[in-house]
Structure formats: structure tokens, C-alpha cells
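Everything on this sheet refers to the single structure shown next.
The values are calculated or read from the model by the stated rules, or taken from the named source; none is laboratory data. Values in this document were obtained by computation on a predicted structure and should not be read as measured data. With ideal geometry, Cβ positions are generated from the backbone for all residues, glycine too; neighbour counts draw on all protein chains shown.
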Amino acid sequence: MDMLKRCLRSGRVMVGLGIVLVILFCALFAPYLAPADPNDQDLLHILLPPAWMADGDSAFPLGTDSLGRDELSRLIYGARTAMTVAIVASFGAMAIGSILAHVAGYFGGAIDWIIGRVVDVWMSFPPVIFSLILMVGLGTGLDKVILAIVLVDWTRFCRVLRSEVLVVKQRDYVAAARLIGFSHWRTVTREVLPATLPLLITLVSLEMGIAVVVEAILSFVGLGVGADLPAWGQMIADARQHIYDSASGLFFPILAIFLTVTGFNLLGDGLRRALDVRLISAREQ
Amino acid sequence: MLATLLQLLARRLVASIPILLLVCALLFSILRVLPVDPAAMSMPPTATIAEIDAKRRDMGLDQPLPQQFLIWLRDAVHGQFGRSIQLRRDAGALVADTLPATVELAVMAMVIATVLGLGGGLLLFHLRGSKLEIVADIASTVLLSIPEFLWALFLLFLFGVVLHLLPFAGRLPPDFVRPNVTGFLLLDTLLVGRPDMFWAAVKHMILPAFALGLAFSPAIMRVLRSSLLDVYQEDFIAQLRLRGLSEGRILIGHALKNAILPTLTLMGVQFGFLFSGTLLVEVIYSYPGMGNPMVDAVRNADLPIIQAVGLTYCIVVLLITIAVDCLYLVLNPKLRRH
Amino acid sequence: MSDILSVRDLGVSATIGGASVPVIHGLSFDLAPGKILGLVGESGAGKSMVGRALAQLLPPGFAIASGACLFEGRDLVAMAPERRRALLGREIAFIPQSPQTALDPLRTIGQQFDEQLRHAGAGARSERRERVLAMLAAVHLPEPAELVDKYPHQLSGGMCQRVLIAMAFSSNPKLVVADEPTTALDVTIQVRILRLIAEMQQRLQTALIFITHDLRLASRICDEIIVMYAGSAVEIGPGRAVFSARAHPYTRCLELADPATAHGGRALFLLPEQMPGLRALARMAGCHFAPRCPNVTDDCRGTRPMLTPVGTGHSAACLRLSATSAITAAEVKGAAAEDGAHKPLLRVEGLSKRYVTAGALFGRSEVTAVRNVDFSIAENEFVALVGESGSGKSTIARLLVGLEAPSSGRILVDGRDLTGSSRETHALRIATMQMVFQDPQSALNPRRRIASIVTQAMEAGSRHVSREERVARTRELLVEVGMSPELATRYPPQLSGGQRQRVNIARALGARARLLVADEIVSGLDVSVQAQLLNLLFRLRAELGFAMLFISHDLSVVRYLCGRVLTMYRGEIVEQGKTAEVFANPQHPYTRALLAAVPPADPAVRWAALDSA
């Protein structure tokens, strides 16, 4: 598996993967890492700055929000929300998008035309607006956020992968497989899919970053995972209301989102470079 | 060429109509599958069931879905988008009021994104092979990771709150009275001969415009750089060198034009996202564009506003795509019919 | 008169993995004004690199390691880059290999030509325009005034090449370097472009370096020829002399491996393996040709031979020059190209294919790629399908194997109709016919191992095949096509072009095809590799028995390999018959044009197409 070796040698992949794994760790072990229950309100200690500053309290290492909830705990549990959405939504979008992309690109003709037109119409809807409107229709909640992201973003997978499927399909070895007697299913799974897999993996990684941002936006606006689940976007919205009292409340969730998305982007970019056959053959010449 | 251009324009505009219809249908159906009842939401909590039912009939929500859609469509074509429940205003009039502000912001942001994107792309390309290349590359990947809403918050935080350098709410300082000639504030201030107001307006727009511009320029930078790299692999560049042309002449006279084409395609897509990104940025900066009414409407399930504003965003993004396609046709001779 | 160009001991090396490997070594030659020098060699010999070295525009990682290139007395290597750049496009001009990609697709012909003239300092705008029109007329392009406003994609390959030739000669250069200027063009166009280059050269008395892989072509127009092998000159001499009295074993082996010289039943000479790559070269101490040379002795491996004279102005780098003429090829081919009567296997009746293309805006246009084609192929018969690009020959291949459906007509195998897409016809087709694709890069899945590719047919069946069976069959097939079974675990990108083509053939045989459709499978291969594959095909037919539809544009290969030939022109078969008869007595004008476009095998015979106006 020299592809694996190439990935592991890439600096970008390692750094990106490192960041992602740290966030994932926080998400998985949130109950053990967080000092307090994120929904515990302590109205006597609202809008406290981080512990190392003048009015800080060591019980709340990064301060508290407007309802007295511990910022650090909310940040760690927010990672759980973000990662859950990121992973589930991107795999969902990938599943739908890639199946339709392969069907459209491989079979061509009427099927390709129909799927192409559906994607065109779907993508005419700007994603931010579309996801907001979907949330109006679906209501708030973690599962609704995931569903909204899947419904909006599958088209991106579909469009990009379809171009790649078309390129691969032109290669003579796909035709040769059919001539040898492979069924359509076998040809797609044994000849086409291995070639599109690298791009697919890259897109999933990038999609995870996008999903984190969308979740944050929806939570910011108040149409996200709901009031009982901690979310970075909601923390930002809260801090913005009280920006002069607690600037740190704004800083940490922004940093969290930035790091997570950077991690996924570096990982995706690194994977793309490591797995792109054209780049590889150019380098090896 | 003009003929081909007009034909393309006509064809795309005509093709947009079914797309828009389908988008409207999509919009419409999503909004009718609500977990909340708009009629109930628009009445005070003390309303009786009978009153809510009456309101629902009044809003036309009791009729079958396709019928509701056709009624809405018929009204929309006449410019009637319904009345906002919460704001008690005509939805169409609201859009007319707020659209110019959003357009101005978007245009300013697009200019910034173009300048930064193309300039940055050239810089990245220039650095190829040097030690700074990796640094620049990582920097652009990192910048790519910052969405417009984080930029907006970050710039507000840094320049607005911490440094107190620039204003970050509204369009004009509170004591100015807004002139209203065309609806486009920047234009209006110049038309009425108030350069001081013009500069004040510009200052208010700097942070939000830069937030958008900074968010969308990294993608442009990277595509320009990789397009230039691709073009330089082409045979004709080597031939130009063999014919003795200087590197500068090759870059400006040949490579750039070839590399601009794929970059332009991406810019079209990015500008579409940019325009819809104004929504959040306007919310963060309390900028009086379409963003704030939309977010409020979404929170309150105010259907007429959601429909009218949502549709407006879609139409503008579609127009941007068509404009970019036309520009592409102008620049690429292979697409023209001879 | 002093020489235009004097190259002294030129050395170019490449940096690979930290080490410096010589790509060109010890090359020296002189070029007098008005003379044509041919640089002949197979791919990888370094001939194109010489041209690039002159311009100092070597690919990254390559650099001039030693020697001097004196252009009119001034050393190009030591010159300041600005001065050298000033020479390019003015006194030294280049004619490229692939004409259509050599022009900026976004600028008109006129704009690019004008830019060139401006660089060459050709005066005011109106003067430049005059010159552009005059040059375009000089290269026999129709309606120059309209042509200047066209874009490269609107011109054919031949027309683009004429424009490039016009641009090269427009500044009245002292030296023109033509790097395989005709290779990318159709055969009938090639001879016209050659004629044009020769004409321009004669008129302006420009010194010309003509780089090519075709020694026969070079002998027709070059005053002097240098044969290159693995980066050094192995033979130098007057064009005719090098061609007819080949002194170096390599040149001699090339002659014997060339199907054009294999008359009667003579087999092609088989040069084993291929030209050493750069890494292998670095480790070689003695003669580079030693590993493949039939006359090799231990001395050869230790000492690098110097150029030794064999005639007036004719020298070769070999330690055993007298032994060269002793090299011969085996007498009998193994299987004669002509076969006795055999049962008919495939019959094609009235086959047609029409494509409907959506017009740019409104309206659709129809293109007929194949029109009313009839032919048949008997068992074990090799039939050639000859035509240029756009003739429809690839479409016929695709129609036969089922990648496209015919618009009308029938395809019959053993009398059974294959048209229609039922399961039985699909199964019958797969069992009978297989395609060997042209481009081995695209034809082999780079993610599959060789073993998995050659036995791919076994994956298709519903019967589960055990691992042992597959391994055994892999070994069997690889040995069959003359490859070492150790290569079974490699991946396609690790193989050479010739080896990949063998794997291609092995896969088709693995599916037990009775008819192979071979689409240009030897074009682009070196003469020696081509000879290996042609011999392989004969041997396989004798052992396994199969028929072949051999699509090609190379008439000498066709003459050697195939008993019958079909000529295609614009979708129709214009002539068919036994190869020997058709080539000796072509009836259709197109067949005649094709035959005339190839230089005659006998150097004494005049090549009419080149000389006529």
C-alpha cells in the first residue's frame, strides 16, 4: 500500500490529521475532560473572564457565558457537537452524491441529463440560504442539522465526482473490462471506483470542514442543534451580545472553529497531493 | 461575436426560467412542511383556536399545496410578494429597500476579492521554486479555512472593539440623514454632493467588505496559481521561449490570458457564494441589507419575507453565473461559432 | 566559408537522485552554411536534447556539463542569457514537433506572427503585415489575408505546421532546427511538409538540423547524418552513405529490424531488450550498445569506442567495424504472410455509423463516420485496415467489438448475426473478439498488478477461479508473450512501452479470442521494439491460432505482417485485396497517394513526391 506510505510522508496530512484527532479526542472523551456540566447555570458568576485574568475564577478556567455556564466545558462539548455533525453529515452527503455521480457519469445519456439538471437546480440555491430555509422547515435539533447539510451538500460531491468519473470512463481499461465480460457493476467497482476513490476521500475531508462551519452558522443564528446541546456557534452569538463585557467569550469558540476547519483543510489538501496520480507521475519523472 | 454573445445571453436567461420555477417550488414546499404554524406564531398567545383558524384561512394556508403555489406565483409575477406578518410591510417593498445596500456591499467585496485574489495568485506563482513557496502555500491553505463569518467576527473584534479604528454597525453615523435618490447609498451621497457622507459610508463598509473579500480571495489565489502552473506546462510556452520572447512578455502576453479562463470560472462560483455570504456578514455588522430581515424572518417563520428574499438571493446568484459565462465566451475563442 | 555551427564535445547531464547522469556525451559536429544535417535516433537517444541544448532551454534537472557550441564563432554555452535570447527567433529558429499545441490557442495566427516579427525587429506595423502575408503565401497557404484572423484550433495540423515554418524562416535565420516536424502529421501531409521545408531551405540557403527517428527519411534530404544511440554519436557520414553502407552494428541491426527492408520470407532481426535508460547508462563503462550487440566481445564492455573512419567523411564508433556486414537475420519468417484458404470467421455487410452532433446553438448536423463497409476475415488471417486520421478506421474497430452500435448493417461471426444487444450476442462477441488498444498507458489499469490484468477474463465468469489456477494461467500467458513471469507482481507504470503492449496482447489472448482487433498497436514504438512485437504476433498465431484486424497507418509494417489490406478514406473502403497485389498495383488514387507518401525502400529510386513541385 504505497499510497498509505505517501500519505504518511506528507507534512500536511500529518499536521491536519493531528489537529483533527485532538478535536476528536475532545469530542469522544468530553465527559472526562470537561470540568463541569456544560448546561449548568450559575447565575452568580456570569460573564467571567478566563481564570488568569483579573476577575477570573479558577473554577471556570476559561470564564463563563451570560448564563454562568463554564466556557471550557461548553467548548469541549461543542467539539462533540461539531464532530458528530461533521462526520455523519459528510458521509451522508458523500454516499448520496457519489452514488449518483457514478451512475450519471458511467451510464451517460438520459440518466446523466436528468441527474445533471437536478444538480443544476439544486445548486442554484445558495447553500447558506438553502440550509437556513431547510431548518425553518425541519425545525431545530442535531439530526435536523445533519439532514439539512446532507440535503444541501450532496450536490457538490455529485458535480465534482461526475467530472472525474467521466475522465476515468474514457480510459481504455474501462472499455477493456467491459469487453472481457465484466458486468456494469463489476466494472464500476473494480475499475472506476478505485480511480475515483482518492478524490472522494479528499472531498470528504474538505466537506467535514464545511459541515463544521455550517453547523456553527446555524447555531449562531439560533436555528441549529437546539438550546440544550452546546455548540460553538451559539457560544459566539451569546458572546457577541456582550462583547464589551467578555471579549474572551468570543475568542475561544472562534479559535476552536478555525483550528478544526484548518485541520480538515490541511488533511484534505495533503491527501489530494499525496493521492493525485498526475502529480505523482510528474514528481517521479 | 456580438451575435453569439447575445444568443448565449438569451439562451441562458430563457433556461433560467424553469430553474427559477423549480427553485420557487422547492422553496415553497420546504416552507409548507413546517413544525410550527405561522398563523399561530403571528397571533398573540391569548388567541383562541377559532381566531387562529381564521388567520390561517386568511393567510391561505388551508388550501392544497399546488394551489397555494400557483396563487403565490401569479402574485409574484405581478410584483406582489405578500405582506410580512411580523413587520406589517409589503415583502416586495422590503426587498426593494434593502437589496441596493446588499448589492453595494457585495460589489465592494468582489472588487477586494478580485484584487487580493489575482494579486495573491501572481505572488504565489512568482514564489514558485523558492524557499518561501511552502510558507505561502500553507498560509493560503490556512486562509482558505476561515469562512466569512469568522472573518467578520475577527475583524470586528480586532479593528472595531480592540483597536477602535473603524465603525462596525450600520451604514452611516447616527447623526447623518440618508439621502435617497437611486437607492444606492454611495452613489446617492455623491449625487447630492456630500463627500463627507460618502467617506463615512465607505468607512462603515470597509470591515464587512473586507471580511467577505478576505474569505473568498484565497480560493481565487490558489486557482490562478495552479492555472498558471498548468499553462506553463503547455507546449506553446516552451515554443515561445525557443522563439526568443522574454519571460515577462510570455507571462503577460500569453500565460495570463490562458490562465484567467479557469480562474474566471471559479470566480463566478465564488462570487455566487460571496453574495449569499453577505447575509451573515450583514447580521454581524447590523448592516441594513437583506441579511437581517431574512434572519429575523427565518426565526419567526415569516413566510412572505423568506420567500421574497430567498428568491432574490437565488436570482442574483443566477445572474452572476450568467454574467461570468458571457465573459468567458468573450475571452475564449474556441467557444465562438465561426 | 566558415561553419555556421561547430559543436565540440558537447555533454549534457541530468541530475537524478542526487547523481549526475550523462544524457549526451562527447558529441561533435560541424554544419556548413546551406547544408542539412540529420540527427537520427530512437526515442531516448538524446537527439531532441541537442536542439534544446543549443537554445539552452533544457528541462529542469538537465544542464550542459561540458563542451562548446560555436555559432558563427561565438560560444552559445558561455554566452550571456540576454544575448543568447536575442539570437533565438532571429538567427536561430525552431520548427516544433506537434504544430497545433505549439501556438497560443487564445491568439490569432496574425497576432502571434506579428509578435514574432516585432521581436525580430521587422519594422513598422504595415511592413510587418506585408511580411506576414508574404510568408504565409510562400508556404502555400490559401487566402493569407483571411487566415491571419483565424485561431489555431480552426486550422488543421498541416496548416499549423506551415504557419510555424513560415514563422521560423521569416527572419531569414542562419540556422533552423526542425525537431521531428512531420511525426505528428498524417502520412500524405508529411511528404508535403518535408517538401516545403526543403524548398524554404534551398531558397534561403539556411543551415538546417533535421531531427528524426526515420533514417530512410533523413537519407533523402540530409547532406550529412549523425546516428545517435544512448546519448552519443555512433555513426557519422554523408546521408546516402550512412543509409546504404551501414557501418555500425546498431545502424545495421536497425536496417534488418525495419519491416520495409524485409522482402520475401525474411524474418525481422530481433534486437533484444531496448536502449538503456539513464540510470543504466550511468553504470556502463564501455560501449553503450554492448548489451544488445550481436558482435559483442569482452573488449567492448570495457572500452568506449571512438569514431573510426570507414570511408570519406564517414566514421563509426565500434571496435569491430569489419564484422558489421556479417550481421544477418534469419531467413524464414516462421509463418508466411499469405495463408491458404481458411474458413471465413467474420463478415461485415453494409456497416454504417452516423453520429448526430448537437450544433452550437440550434440545429443538428450529422457526421457519417463509416459508410457502407463490406469485408470479411478468415480464420488465422491477418488483415490490415489502412487510413489516415478521420478515415473511420477506429470507428470500425469500436463497432466490431461492440463499444458502439452500428446505425445500419450487419456483423456476422461464424454466420451468426452479432448486431443487437441481447445477452447471447454479447456473450458470443466477447468469446470471439477482443481489442488490443493503442495506448498502453490508458489500456492498463495502473492500480492492477500485471498478473491481475492478464487473467482479467477469469474474473468475469460466474465460476469462481482458485488462486492457483490464476497464478498458473498468469505464468502461461506471460511466457507466451515472451515476458519473464517475475514481472507478474509489477504494476503497469513500472513497465516499458513494449512490455505494456505485450501485456495488452496477453490479456486479449487470456480471454481466448479468435479475432484480435489491434488499433495502431505498434505506432510510436521504436523500430527494435516494433520488430519484437511483430515477431511475437507471428509466433502466437502459429501456436495459438487467431485472426487479426490490424489497423495502422504504417504501410511497411502492413506489408510485412498482413496478407490482405483494406484502404479506408473518409469512411469508405476504397480498395481491398492481397497486400502484395494492392501495393504493387494500386488502383484507387488514395491508395496511390498513400504509397507515394512513403520514401521508396531502394535508395537509388527517386522519391517522386518529394521532388515534384
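Taking the condition of being more than 9 Å from every other protein chain (Cβ to nearest Cβ) and aliphatic (A, V, I, L, M), how many residues in the range C:75-92 meet it?
5
I'd like to check something: does the range A:36-59 contain any residue that is farther than 30 Å from residue A:158 by Cβ and of a type in the set (Ser, Thr, Tyr)?
Yes, the range A:36-59 contains at least one residue that is farther than 30 Å from residue A:158 by Cβ and of a type in the set (Ser, Thr, Tyr).
Hey, among A:118, A:145, A:152, A:128, which residue is facing another protein chain (nearest Cβ under 10 Å), within 17 Å of the chain's Cα centre (by Cα) and in a helix (DSSP H, G or I)?
None of the other options fit; the residue is A:128.
What is the residue count in the range B:164-201 for residues that are of a type in the set (A, V, I, L, M) and touching a Gly at 6+ places or on another chain (Cβ under 9 Å)?
Within the range B:164-201, residues that are of a type in the set (A, V, I, L, M) and touching a Gly at 6+ places or on another chain (Cβ under 9 Å) number 2.
If the requirement is being closer than 19 Å to residue B:23 by Cβ, crowded, with 17+ Cβ neighbours inside 10 Å and in contact with a helix residue (DSSP H, G or I) (Cβ under 7 Å, 6 or more places away or on another chain), which of these qualifies: A:85, A:119?
After applying the criteria, what remains is A:119.
Need the failing condition index for residue A:50 against (1) surrounded by 18 or more Cβ atoms within 10 Å (Cβ to Cβ); (2) in a helix (DSSP H, G or I); (3) not acidic (Asp, Glu), just the number.
(2)
As an exercise: evaluate residue C:105 against (1) surrounded by fewer than 21 Cβ atoms within 10 Å (Cβ to Cβ); (2) away from chain B (no Cβ under 11 Å); (3) at pLDDT 90 or above and give the number of the one condition it does not meet.
Failing condition for residue C:105: (2).
Taking interchain pairs and intrachain pairs at least six residues apart, which have beta carbon atoms under 7 angstrom, with the first residue in the range B:320-338 and closer than 18 Å to residue C:104 by Cβ and surrounded by 16 or more Cβ atoms within 10 Å (Cβ to Cβ) and the second modelled with pLDDT of 85 or more and acidic (Asp, Glu)?
none
With respect to residue C:130, determine if the residue is under 33 Å from the mean Cα position of the chain (by Cα) and of a type outside the set (A, V, I, L, M, F, W, C).
no
Out of C:321, C:307, I need the residue that is buried (at least 16 other Cβ atoms within 10 Å of the Cβ), modelled with pLDDT under 85 and in the same structural domain as residue C:45 (by TED's automatic domain parsing). Which one?
C:321 is the lone residue from the list that is buried (at least 16 other Cβ atoms within 10 Å of the Cβ), modelled with pLDDT under 85 and in the same structural domain as residue C:45 (by TED's automatic domain parsing).
Name the residue that is farthest from the chain's Cα centre (by Cα), counting only residues in the range B:293-310 that are touching a residue at least 24 places away in the same chain (Cβ under 8 Å) and surrounded by fewer than 20 Cβ atoms within 10 Å (Cβ to Cβ).
B:300
Going by the structure shown, is residue C:64 outside the structural domain of residue C:212 (by TED's automatic domain parsing), at negative phi and of a type in the set (Val, Ile, Thr)?
no
Given (1) within 25 Å of the chain's Cα centre (by Cα); (2) under 21 Å from residue C:459 (Cα atoms); (3) not in a helix (DSSP H, G or I), where does residue C:512 come up short, assuming only one miss?
Only one criterion is unmet by residue C:512, namely (1).
Report yes if residue B:113 is part of a helix (DSSP H, G or I) and either out of contact with any Leu (no Cβ under 9 Å at 6 or more places or on another chain) or closer than 17 Å to residue B:315 by Cβ (or both), otherwise no.
No: the conditions fail for residue B:113.
Which is assigned by TED's automatic domain parsing to the domain that holds residue C:473, touching a strand residue (DSSP E or B) at 6+ places or on another chain (Cβ under 7 Å) and among the hydrophobic types (A, V, I, L, M, F, W, C), of C:527, C:503, C:517?
Residue meeting the stated conditions: C:517.
In the range C:214-261, how many are buried (at least 23 other Cβ atoms within 10 Å of the Cβ) and part of a loop (DSSP other than H, G, I, E, B)?
Number satisfying all stated conditions: 6.
Residues are listed down the side, and each one gets a yes or a no for (1) modelled with pLDDT of 90 or more; (2) within 14 Å of another protein chain (Cβ to nearest Cβ):
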| site | (1), (2) |
| --- | --- |
| C:47 | no, no |
| C:55 | no, yes |
| C:73 | no, no |
| C:122 | no, yes |
| C:133 | yes, no |
| C:147 | yes, yes |
| C:155 | yes, yes |
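Which ones in the range C:77-109 are without any contact (Cβ under 8 Å) to a residue 40 or more places away in the chain and within 31 Å of the chain's Cα centre (by Cα)?
C:88, C:101, listed by residue number.
Under 6 Å between Cβ atoms, which residue pairs at least 6 apart in sequence (or on different chains) link something in the range B:227-239 that is within 17 Å of residue C:152 (Cα to Cα) and within 7 Å of chain C (Cβ to nearest Cβ) with a partner that is assigned to a loop (DSSP other than H, G, I, E, B) and not polar (S, T, N, Q)?
B:236/C:103; B:236/C:104; B:239/C:96
Run down C:290, C:247, C:260 and say which single residue is closer than 30 Å to residue C:537 by Cα, touching a residue at least 60 places away in the same chain (Cβ under 8 Å) and of a type in the set (A, V, I, L, M, F, W, C).
C:260
Could you say whether any residue in the range C:562-582 is under 30 Å from residue C:479 (Cβ atoms), crowded, with 20+ Cβ neighbours inside 10 Å and in contact (Cβ under 8 Å) with a residue 24 or more places away in the chain?
yes
When you go through B:176, B:125 one by one, which is the residue that is over 24 Å from the mean Cα position of the chain (by Cα) and at pLDDT 90 or above?
None of the other options fit; the residue is B:125.
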